[in-house]
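**Q** Pasting in a structure now, in structure tokens, and then I'll have a few things to ask.
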Amino acid sequence: MYVGVYGAGYLGTVVSACLADFGTPVSCCHPDSSRMVEMAQGNVPFHEKNLTEVIRRNVRSGRLTYSTDVESFARKVQVIFLAEDAPEYLEELPARIAAAALKPPILSIITPAPVGTASRIEKKLKEAGLKACVVSQPTFFTPGCAVEDFNWPDRIILGTSSSEPVVALKQVFHSLVMRGVPVIVTNHETAELVREAATAFVATKISFINELASLCERVNADAVNLSLALGLDKKIAPRCLQPGAGMGGLFAESDMDSLADLAKQNGVALKVLSAAREVNHNLAANMIEKLGRCMDSVQNKEVGILGLAFKPNTNSVAGSTAVRLAKSLIANGARVRAYDPVALPDAKLELNGTVFYCDSAYTAAEGVDALVVGTGWPEFRGLDFGRIKTLLRRPLIVDTKNLLDCGRLRAMGFEYVGVGRS
């Protein structure tokens, strides 16, 4: 089966590469010719663990090709995944593809879209006298783990009003189905809602452990051990239960915005979601308060930040608590130096010229009053902290991710401040 993926952003790039890695011939299409040329050469415009290797391997084998001709693309593929990062033109594209296709195509919508989108697309196709099988197929990729998430999903969700595309999509994902990955077949609206609800639930879980971390600091409890003990409960599970983390990523805010709007339109008050979002947005303010207590005030202080990406193994700063912290520090009169292994170009777009950008963690530590771990990059664990101590004006480390060995650092003479730890 020849498969097509429409989209040249994050989703389209990941989905086309990973499908080709199944051994399936895949054509990735988008009118941006420069992007298509770059992709065919294996030049990925963002950092995603293992993705470049997957693309280059499948381009070399001939399984993954790139095209700018939408009509030709529509004529030669049977199943097309609509995988743009944003839904602006999503409702017009299916008609163009269906009109060019030799037989009714299967159109699987991976693009994050509000509840009701797929049903509207089906209605527009019918009104135009065009035929296509439309499927709502939400994906659950975490930047930095997208290749792993694609190959080891928790479930495959297919929202459709017809049984025909289910057979074809099970064939496309045959290796996952044979491995025992559950396939949930439902209607469009349920499938669309699953994505937004899953994002909201994760945000709630993260916000809950962060609120408990604040309590731990007041009652001499340890939030790291607390989260470990909670996570071992089968009803709770350990993932996304680490204090200090924030809910971020390319689609998190838009998913929660869409869910909140849907609830409001239908007269439903999602109080838990509202509270979770408030806690998430206040993480940077809480860190400013913590730094202020350590240094009396952050005004006129120099602060170094290690890591600006919202999580390791990605260059995305969308929803990054480290970026929000940098902005808050500057707004409160501090001067900020920052280093990140891959996210500096994206961070510069968010922070403009307000931050001094460094080429190493050691440069970020030079002469600062406090060094803050903003992203949990594993390489920060292996830094020469003896050298770091000689560079700091004051040996104060604020570890917002509880990444470092607090006992070792305190034994070396550092003032170590974690999240939810005494």
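The values are calculated or read from the model by the stated rules, or taken from the named source; none is laboratory data. Keep in mind that what you see is a predicted model, and the values were worked out from it rather than measured. Positions of Cβ are generated from backbone atoms using ideal geometry, with glycine treated the same way; all protein chains shown enter the neighbour counts. Accessible surface areas use protein heavy atoms only, side chains included; no ligands, DNA or RNA. Shrake-Rupley method; radii C 1.70, N 1.55, O 1.52, S 1.80 Å.
**Q** Can you compute the equivalent ellipsoid semi-axes for the chain, i.e. the square root of 5 times each eigenvalue of the Cα gyration tensor, sorted largest first and rounded to whole Å?
**A** Each semi-axis is the square root of five times an eigenvalue, giving 43, 24, 19 Å.
**Q** Extension gain LEU215-LYS103, at 0.36 nm per residue separation less the Cα-Cα distance, in nm?
**A** 34.2 nm
**Q** List the residues whose amide H sits under 5 Å from the amide H of SER136, counting only those 5 or more places along or on another chain, with H placed 1.01 Å from N in the peptide plane.
**A** Result for SER136 returns ILE109, GLY159, THR160.
**Q** Calculate the FRET efficiency for ASN352 and MET1 from the Cβ-Cβ distance with a Förster distance of 51 Å, rounded to the nearest 0.05.
**A** According to the calculation, E is roughly 0.60.
**Q** Which lysines, on any chain, are close to LYS76 with Cα under 19 Å apart, when same-chain ones fewer than 8 places away are left out?
**A** Cross-link targets: LYS103, LYS131.
**Q** While we're here: Using amide H atoms built 1.01 Å from N in the peptide plane, name the residues 5+ places from ILE305, or on other chains, whose amide H lies under 5 Å from its own.
**A** Counting only residues 5 or more places away or on other chains, the set is ARG337, ALA338, TYR339, VAL372.
**Q** Hey, rough spin-label estimate for ARG75 and LEU228, points 7 angstrom out along Cα→Cβ, what's it come to in nanometres?
**A** Computed distance between label sites ARG75 and LEU228 equals 6.3 nm.
**Q** If you don't mind, another one. Can you list the HN-Hα couplings for region 282-298, worked out from phi with the Karplus curve (6.51, -1.76, 1.60; θ = phi - 60°), rounded to whole Hz and with x for Gly and Pro?
**A** 8, 4, 5, 4, 5, 5, 4, 4, 5, 4, x, 5, 6, 10, 6, 7, 8
**Q** Now, a different point. Calculate, for the chain, the solvent-accessible area per residue in square angstrom, rolling a 1.4 angstrom probe over the heavy atoms of the protein chains.
**A** 45 Å²
**Q** Could you give me the ³J(HN,Hα) list for region 256-268, computed from phi with Karplus coefficients 6.51, -1.76, 1.60 and θ = phi - 60°, whole Hz, x at Gly and Pro?
**A** 6, 4, 5, 5, 5, 5, 4, 4, 5, 4, 9, x, 10
**Q** Please work out the C-alpha center-to-center distance from region 81-114 to region 147-220 and express it in whole Å.
**A** Cα centres, region 81-114 to region 147-220: 21 Å.
**Q** Once every DSSP H run of n ≥ 4 in the chain is given -39500 (n - 2.57) and the sum is divided by its residues, what mean residue ellipticity at 222 nm do you get, rounded to the nearest 500 deg cm²/dmol?
**A** Calculated from helices alone, the mean residue ellipticity at 222 nm is -13500 deg cm²/dmol.
**Q** At a Förster distance of 30 Å, what's the computed FRET efficiency of LEU383 paired with ARG293, Cβ-Cβ distance as r, to 0.05? Working shown, then result.
**A** Values: r = 25 Å, r/R0 = 0.83.
Result of the calculation: an efficiency of 0.75.
**Q** Give me a comma-separated list of calculated 3J(HN,Hα) values for region 243-255, in order, Karplus coefficients 6.51, -1.76, 1.60 applied at θ = phi - 60°, integers in Hz, x for any Gly or Pro.
**A** x, x, 6, x, 7, x, x, 4, 10, 4, 5, 5, 4
**Q** Can you give me the long-range amide H partners of GLY319? Hydrogens built in the peptide plane at 1.01 Å from N, cutoff under 5 Å, separation of 5 or more residues or another chain.
**A** Correct list: GLY249.
**Q** Dipole of the chain, Cα-centred, from +1 at each Lys and Arg C-beta and -1 at each Asp and Glu C-beta, to the nearest 20 debye?
**A** Value, rounded to 20: 600 debye.
**Q** Could you grab the relative contact order for region 108-242? Cα pairs under 8 Å, six or more apart, rounded to a whole percent.
**A** 22 percent
**Q** Further, regarding this structure: Using only the alpha carbons of region 251-320, what is the convex hull's orientation-averaged projected area in square nanometres?
**A** Computing the convex hull of the Cα atoms and averaging its projections yields 6.5 nm².
**Q** How far, in nm, would the chain grow between GLU91 and MET178 when pulled straight, counting 0.36 nm per residue and subtracting the alpha carbon separation?
**A** Once the chain is fully extended between GLU91 and MET178, it gains 28.0 nm.
**Q** I want to check the label-to-label distance for GLN265 and GLU415. Put each point 7 Å from Cα in the C-beta direction and report it in nm to one decimal.
**A** 5.1 nm
**Q** Looking only at GluC sites (Glu not before Pro) in DSSP loops with at most 12 other Cβ atoms within 10 Å, what is the longest site-free stretch of the chain?
**A** Segment 93-422 is the longest.
**Q** Also, I was wondering about something else. Kindly state, to the nearest 0.05, the FRET efficiency for TRP152 paired with ALA40, given R0 = 35 Å and r defined as their beta-carbon distance.
**A** Numbers: r = 27 Å, r/R0 = 0.78.
Approximately 0.80, to the nearest 0.05.
**Q** Give a quick list of trypsin sites (Lys or Arg not before Pro) in region 233-289 that DSSP marks as loop, anything other than H, G, I, E or B, with at most 10 other Cβ atoms within 10 Å.
**A** LYS234, LYS235, ARG239
**Q** If you average the sequence gap of Cα pairs under 8 Å that are 6 or more apart and divide by the length of the chain, what percent do you get for the contact order?
**A** Normalised by residue count, the contact order of the chain is 12 percent.
**Q** Further, regarding this structure: Out of region 332-398, which trypsin sites (Lys or Arg not before Pro) are coil in DSSP terms and have no more than 16 other C-beta atoms within 10 Å?
**A** Details: sites: ARG335, ARG337, LYS348, ARG381, ARG387, LYS389, ARG393; in loops: ARG393.
When the trypsin sites (Lys or Arg not before Pro) of region 332-398 are filtered for loop state and at most 16 Cβ neighbours within 10 Å, ARG393 remain.
**Q** What residue among ILE156, ILE184, ILE55 shows peak mean-square fluctuation when the chain is described by a Gaussian network model with Cα springs under 10 Å?
**A** Among ILE156, ILE184, ILE55, the largest mean-square fluctuation in the Gaussian network model of the chain belongs to ILE184.
**Q** Next question. Carbon and sulfur together cover what percent of the accessible area of the chain at a 1.4 Å probe radius? Spell out each step's value before the answer.
**A** On the way: 10080 of 18860 Å².
With neighbouring chains kept in place, the figure for the chain is 53 percent.
**Q** Pairs of Cα atoms under 8 Å, at least six residues apart: use those to get the relative contact order of region 117-192, whole percent.
**A** Working: 88 pairs, mean separation 28.0, N = 76.
Relative contact order here is 37 percent.
**Q** Antiparallel versus total DSSP beta bridges in the chain: what percent is that, nearest 5?
**A** 5 percent
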